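The values are calculated or read from the model by the stated rules, or taken from the named source; none is laboratory data. In this text the structure is predicted, and so the values were computed from the model without any measurement. Heads up, the Cβs are rebuilt from the backbone with ideal geometry, glycines too, and the neighbour counts pull from every protein chain shown.
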Amino acid sequence: MIEATDIHLVSPTWIVPVVPAGVILENHSLVICGNQILALCPTIDALKRYPGAPNLRLEDHIVAPGLINAHGHAAMTLLRGYADDRRLMEWLNHHIWPVEGQFVDYDFVYDGTSLAVAEMIRGGTTCAADTYFFPDAVANAFTHNHFRGQVCMPIIQFANAWANSEDEHIHKGLQFRDDLVKNNPLITTAFAPHSPYTVTDHGFQRTLLYAEELQLPIHLHLHETLAEVTEGIRQHGLRPIARMHQLGLLSPLLQTVHMTQLDASEIALLASNNVHVAHCPESNLKLASGFCPVADLMKAGINVAIGTDGAASNNNLDMLEEMRTAAILAKSVSQDATVVSAHEALAMATINGALMLGLEDRIGSLEAGKLADFIAVDLSPLSFQPVHNPVSQLVYAATGHQVNHVWINGLQLLKDGEFTRLDSQRIGANTRQWQSKISAFSRAT
């Protein structure tokens, strides 16, 4: 039985539910009961139906589903600005992997993830797909800060601080799933073989075996650069996508990341196998990796979501900014100003991300029965005036700095731009300690 005291209303100037597509509602309210959306209806009806319910009026605000970051490495926020302006493989081999080898442990991952969660909540992101070492640290940082996420189980052939072999990665990942994921309402998981150039056929075959048995997604960097494709042909006689197809990985369980090097036949292959794509435009631009053909993927019916990648290669986790870049980059690459409209960009960052993560029945849109993950963005500043179309202003003019309120699972985590639960002072102090250690290592090497 629903108690009246469990219900509250949120009544902004505009609501964009995302589903149905293209809809903007004025003078409507969200009716929230506990952690769920009870109704979305005209404010006048909501006030009549629930006369005693608290009503948060948000003039000149647009309410939207919480943003879903479809790909990232949260702990790498501690490496923001470290070794910038280098080519991808030089950046990885000579800078990122050495500093990770020196510092990555449970505490590094927990503190870096906590820093990332603070940034994401402040910017309107309420769910993220994350892949990194020590997934237990990631899951704990997410859970302790009441953040929703798909915490992936990393698989790589090289020894590291978390595991020494592909088989050990899989074994420890399955133990992580049993210990921390099964009964956690905020956390789901997926296998994350890093990439075709860091995982063997054996590693992929074992991953696929368990993924199909447990019906868990596979989250994979794929066709990120031309060099990756060229090396794949040299080593295996196949382009990486063809190799993944030969190994049986192409299916609705596969979440591919980057996909900047695609030909028409590969797009058709992705579409016929219902493969998802996480597009990371700003990271790809910064590392000069290439351009994901988003318009062609969407035309083929492929689900395309948006991710920031890690802050070490972006350098922020601002999904509103990422939406704008995704939209305008797609227009430029396709030479068609009509592709990836503002509404489509918002869908990529919400319901498309939910579909990729298998959470479309719970989050990604504002519908009765779904979980109460939503945000409110202030469009009152002069820089947004006049507001002819609030969704256009949200996508093309706003950044995370204009997010004023954030709810995850019905709990308000950001109120008037201030954290309600997160300990920002502790996170800042821990971050400064890591900066000092990393700076000393950089000087010494």
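What the table below lists for this structure:
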item	result
Thr113 in contact with a Leu (Cβ under 6 Å, 6 or more places away or on another chain) and either under 30 Å from Arg432 (Cα atoms) or of a type in the set (A, V, I, L, M, F, W, C) (or both)	no
Filter result (over 13 Å from the mean Cα position of the chain (by Cα), closer than 21 Å to His28 by Cβ and among the hydroxyl-bearing types (Ser, Thr, Tyr)) within the range 346-385	Ser365, Ser380
Helices (runs of 4 or more DSSP H) wholly inside the range 250-322 that include at least 3 residues being among the hydrophobic types (A, V, I, L, M, F, W, C) and on the phi < 0 side of the Ramachandran plot	264-272, 294-299
Any hit, the range 384-398, residues being in a helix (DSSP H, G or I) and within 24 Å of Ala74 (Cα to Cα)	yes
Selected residue [assigned to a loop (DSSP other than H, G, I, E, B), surrounded by 14 or more Cβ atoms within 10 Å (Cβ to Cβ) and not assigned by TED's automatic domain parsing to the domain that holds Leu30] from Leu414, Leu422	Leu422
Checklist (1) closer than 20 Å to Phe204 by Cβ; (2) buried (at least 23 other Cβ atoms within 10 Å of the Cβ); (3) within 19 Å of the chain's Cα centre (by Cα) applied to Pro240, failing item	(3)
Candidates Leu220, Leu216, Leu238, Leu250 - the one that is touching a Lys or Arg at 6+ places or on another chain (Cβ under 9 Å) and within 23 Å of His276 (Cα to Cα)	Leu216
Of all residues making up the range 119-138, the number that are surrounded by fewer than 24 Cβ atoms within 10 Å (Cβ to Cβ) and of a type outside the set (Phe, Trp, Tyr)	3
So Arg234, is it among the basic types (Lys, Arg), assigned by TED's automatic domain parsing to the domain that holds His279 and in contact with a strand residue (DSSP E or B) (Cβ under 9 Å, 6 or more places away or on another chain)	no
Evaluation of Ile427 against (1) out of contact with any Leu (no Cβ under 8 Å at 6 or more places or on another chain); (2) among the aliphatic types (A, V, I, L, M); (3) not assigned by TED's automatic domain parsing to the domain that holds Leu9 (one fails), failing number	(1)
The range 414-440, subset over 24 Å from the mean Cα position of the chain (by Cα) and of a type in the set (Lys, Arg), residue farthest from Phe374 (Cα to Cα)	Lys437
Members of the range 402-425 found to be within 27 Å of Leu382 (Cα to Cα) and not polar (S, T, N, Q), listed by number	Val403, His405, Val406, Trp407, Leu413, Leu414, Lys415, Asp416, Gly417, Glu418, Phe419
Boolean, Arg49 is surrounded by fewer than 23 Cβ atoms within 10 Å (Cβ to Cβ) and within 32 Å of the chain's Cα centre (by Cα)	no
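A quick yes/no check of all residues on (1) within 30 Å of Met356 (Cα to Cα); (2) of a type in the set (A, V, I, L, M, F, W, C):
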{"residue": "Cys41", "(1), (2)": "yes, yes"}
{"residue": "Lys48", "(1), (2)": "no, no"}
{"residue": "Asn55", "(1), (2)": "no, no"}
{"residue": "Val63", "(1), (2)": "yes, yes"}
{"residue": "Ala74", "(1), (2)": "yes, yes"}
{"residue": "Arg80", "(1), (2)": "yes, no"}
{"residue": "Gly101", "(1), (2)": "no, no"}
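Conditions tested, residue by residue: (1) touching a Phe, Trp or Tyr at 6+ places or on another chain (Cβ under 7 Å); (2) surrounded by fewer than 19 Cβ atoms within 10 Å (Cβ to Cβ); (3) touching a residue at least 24 places away in the same chain (Cβ under 8 Å).
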| position | (1), (2), (3) |
| --- | --- |
| Phe147 | no, no, yes |
| Gln150 | no, no, yes |
| Met153 | yes, no, yes |
| Gln157 | no, yes, yes |
| Ile170 | yes, no, yes |
| Asn183 | no, yes, no |
| Asp201 | no, yes, yes |
| Arg206 | no, no, yes |
| His221 | no, no, yes |
